[in-house]
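Peer 1: Below is a structure I'd like to ask you about.
Where a number appears in this text, it was derived from the coordinates with a stated rule and is not lab data. Note that the structure is predicted; figures quoted are calculated from it, not measured. With ideal geometry, Cβ positions are generated from the backbone for all residues, glycine too; neighbour counts draw on all protein chains shown.
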Amino acid sequence: MNTSFAHIRPLLQGVTLAGVLALAGCASTPPPTEELAAAQLSVARAGDADADQYAPADIDQARMALRQAQSAMASDRSDEARTLALSASALADLAHARARQAATEAELSARRAEITNLRQRLQVEE
């Protein structure tokens, strides 16, 4: 009687596949330390660009998202922390852009007023 092991091969493949999937499910993602650091830098950069004055709602949202990300990180909720950190970075970048835009518009307005003043002075002096 010849013993056939042909029926064992699919069984071994199934067990191997299940083991690989189980190991992949157990693997955790690394903590989002880079994302948190980037978010902190973005918030600081927006603050340096006077976002508190020119884009207060945006910078407040960015800071709140950063605090939530830090809280999630402390609670070992890495995926949530990563998402919140990325959100904080995006919100801080938006606040930075809006602050720079407002500052540029304010400077443009001041220059235009200066030009108008100079034109008026030139006409009076003639």
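Peer 1: Can you tell me the length gained on complete extension of the stretch Asp52 to Gln120, counting 0.36 nm per residue apart and subtracting the Cα distance? Intermediate results must be reported in sequence, preceding the final value.
Peer 2: Values: separation 68, 0.36 × 68 = 24.48 nm, distance 3.56 nm.
Gain in length upon complete extension: 20.9 nm.
Peer 1: Using alpha carbon centroids, what distance separates region 29-43 and region 98-126, in Å?
Peer 2: 41 Å
Peer 1: Label Arg111 and Asp60 with points 7 Å out from Cα along Cα→Cβ: what is the distance between them in nm?
Peer 2: So the two model labels end up 3.2 nm from each other.
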